[in-house]
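After the structure tokens below, expect a handful of questions from me.
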Amino acid sequence: MSLKVKICGLTRKEDVDVAIKAGADAIGFILAPSPRKVDIDTAKKLARDIPPFVSVVAVVRDPSLELMSQIIESKVFDAVQFHGCESVDFVSKCPLKTIKAIAIADEKDVSLVHLYEKEVNFMLFDTKLGKLFGGTGKSFNWQLIKNFRPHKPFILAGGIGPENLEDAIKHVDPDAVDTNSALEVAPGIKDKKKIYEFMKKIKSINNV
């Protein structure tokens, strides 16, 4: 099974176009507080020409019921990535595909996977730094999940870029990777060369 890629934190149409042309399987728009935050109307414009089979993901953190309704009614998104402290019940009621992010600093964080994995489509492991649950641009200690396999396909995030992609695959062997700040020149502004470099490595790993 080939390694899948989500490029997240997109804020510009030209970056969306490059991500798709380079071969990304999914693109992510951050609707939570972040330097890369966009609103739903902007996401709708950015996703206007997304081709079939490229997934569009809404990234949220403890979203209100109102925001969830707007996400669903917009018909822009294929999946919702929950990055906060959402309850299992709240996540399970989402009618779209669901990704639950677990921010990891120690083994106790890894144990949270068992609360959600039966209720979601995918798990995502990201870096916890203080009160930051992702978006840090830093990798966590991969040894914490080296021998851990959730019952659902899982995505590795947290500072994944061209420089450490091969190490990440070697140590963790995820089903997909989620990359954001490692491909940027500034928050929300992607580097075209880094996107192509990253996707070239992905294709090499997948023997494409």
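The values are calculated or read from the model by the stated rules, or taken from the named source; none is laboratory data. If you're wondering where the values come from, they're calculated on a predicted model, not measured in any experiment. Methodologically, a virtual Cβ is constructed for each residue, glycine included, from the backbone with ideal geometry; neighbour enumeration extends over all protein chains shown. Just the protein is used for accessible areas: all its heavy atoms, side chains included, with ligands, DNA and RNA removed. Shrake-Rupley method; radii C 1.70, N 1.55, O 1.52, S 1.80 Å.
Determine the pairs where a residue that is among the β-branched types (Val, Ile, Thr), located within segment 10-24, has a partner that is open to solvent by 40 Å² or more (accessible area, probe 1.4 Å) with Cβ atoms under 8 Å apart, the partner being 6 or more residues away or on another chain.
Sorted first by the residue in segment 10-24, then by its partner, the pairs are 11/42; 11/189; 18/192; 18/196; 20/51.
For residue 151, are the conditions met, namely being modelled with pLDDT under 95 and open to solvent by 80 Å² or more (accessible area, probe 1.4 Å)? Quick ask: steps written out before the conclusion?
Working: modelled with pLDDT under 95: yes; open to solvent by 80 Å² or more (accessible area, probe 1.4 Å): yes.
Spelling it out, residue 151 is indeed modelled with pLDDT under 95 and open to solvent by 80 Å² or more (accessible area, probe 1.4 Å).
I've got another one for you. Being part of a loop (DSSP other than H, G, I, E, B), at pLDDT 95 or above and surrounded by fewer than 20 Cβ atoms within 10 Å (Cβ to Cβ) narrows it down to one residue among 95, 63; which is it?
95
Anything in segment 159-178 that is closer than 17 Å to residue 2 by Cα and open to solvent by 30 Å² or more (accessible area, probe 1.4 Å)? List them, or say none.
Once the filter is applied, which keeps residues that are closer than 17 Å to residue 2 by Cα and open to solvent by 30 Å² or more (accessible area, probe 1.4 Å), segment 159-178 yields 166, 167, 169, 170, 171, 173, 175.
A further question follows. Quick check on segment 3-17. Is at least one of its residues over 17 Å from residue 180 (Cβ atoms) and either open to solvent by less than 10 Å² (accessible area, probe 1.4 Å) or among the small types (Gly, Ala, Ser) (or both)?
Scanning segment 3-17 turns up no residue that is over 17 Å from residue 180 (Cβ atoms) and either open to solvent by less than 10 Å² (accessible area, probe 1.4 Å) or among the small types (Gly, Ala, Ser) (or both).
Tally the residues that are without any contact (Cβ under 8 Å) to a residue 60 or more places away in the chain and either within 23 Å of residue 99 (Cα to Cα) or in contact with a helix residue (DSSP H, G or I) (Cβ under 6 Å, 6 or more places away or on another chain) (or both), restricting the search to segment 171-190.
Let us first name the residues in segment 171-190 that are without any contact (Cβ under 8 Å) to a residue 60 or more places away in the chain, namely 171-173, 182, 185-186.
Remaining after also requiring either within 23 Å of residue 99 (Cα to Cα) or in contact with a helix residue (DSSP H, G or I) (Cβ under 6 Å, 6 or more places away or on another chain) (or both): 171-173, 182.
Residues in segment 171-190 being without any contact (Cβ under 8 Å) to a residue 60 or more places away in the chain and either within 23 Å of residue 99 (Cα to Cα) or in contact with a helix residue (DSSP H, G or I) (Cβ under 6 Å, 6 or more places away or on another chain) (or both): 4 in total.
Which condition number does residue 82 fail, the rest of (1) under 11 Å from the mean Cα position of the chain (by Cα); (2) touching a residue at least 40 places away in the same chain (Cβ under 8 Å) being met?
For residue 82, the failing item is (2).
Identify, from the list 204, 181, the residue that is modelled with pLDDT of 90 or more, under 19 Å from residue 38 (Cβ atoms) and either among the acidic types (Asp, Glu) or open to solvent by 30 Å² or more (accessible area, probe 1.4 Å) (or both).
Of the residues listed, the single one that is modelled with pLDDT of 90 or more, under 19 Å from residue 38 (Cβ atoms) and either among the acidic types (Asp, Glu) or open to solvent by 30 Å² or more (accessible area, probe 1.4 Å) (or both) is 181.
Also, quick follow-up: What is the residue count in segment 9-37 for residues that are farther than 16 Å from residue 192 by Cβ and under 15 Å from the mean Cα position of the chain (by Cα)?
Count: 10.
Related question: For segment 98-133, how many residues are part of a loop (DSSP other than H, G, I, E, B) and in contact (Cβ under 8 Å) with a residue 40 or more places away in the chain?
1
Let me confirm something: among 22, 47, which residue is open to solvent by less than 10 Å² (accessible area, probe 1.4 Å) and among the small types (Gly, Ala, Ser)?
Checking each option against the conditions leaves just 22.
Go through (1) crowded, with 17+ Cβ neighbours inside 10 Å; (2) modelled with pLDDT of 90 or more; (3) more than 21 Å from residue 8 (Cα to Cα) for residue 145 and report which single condition fails.
(2)
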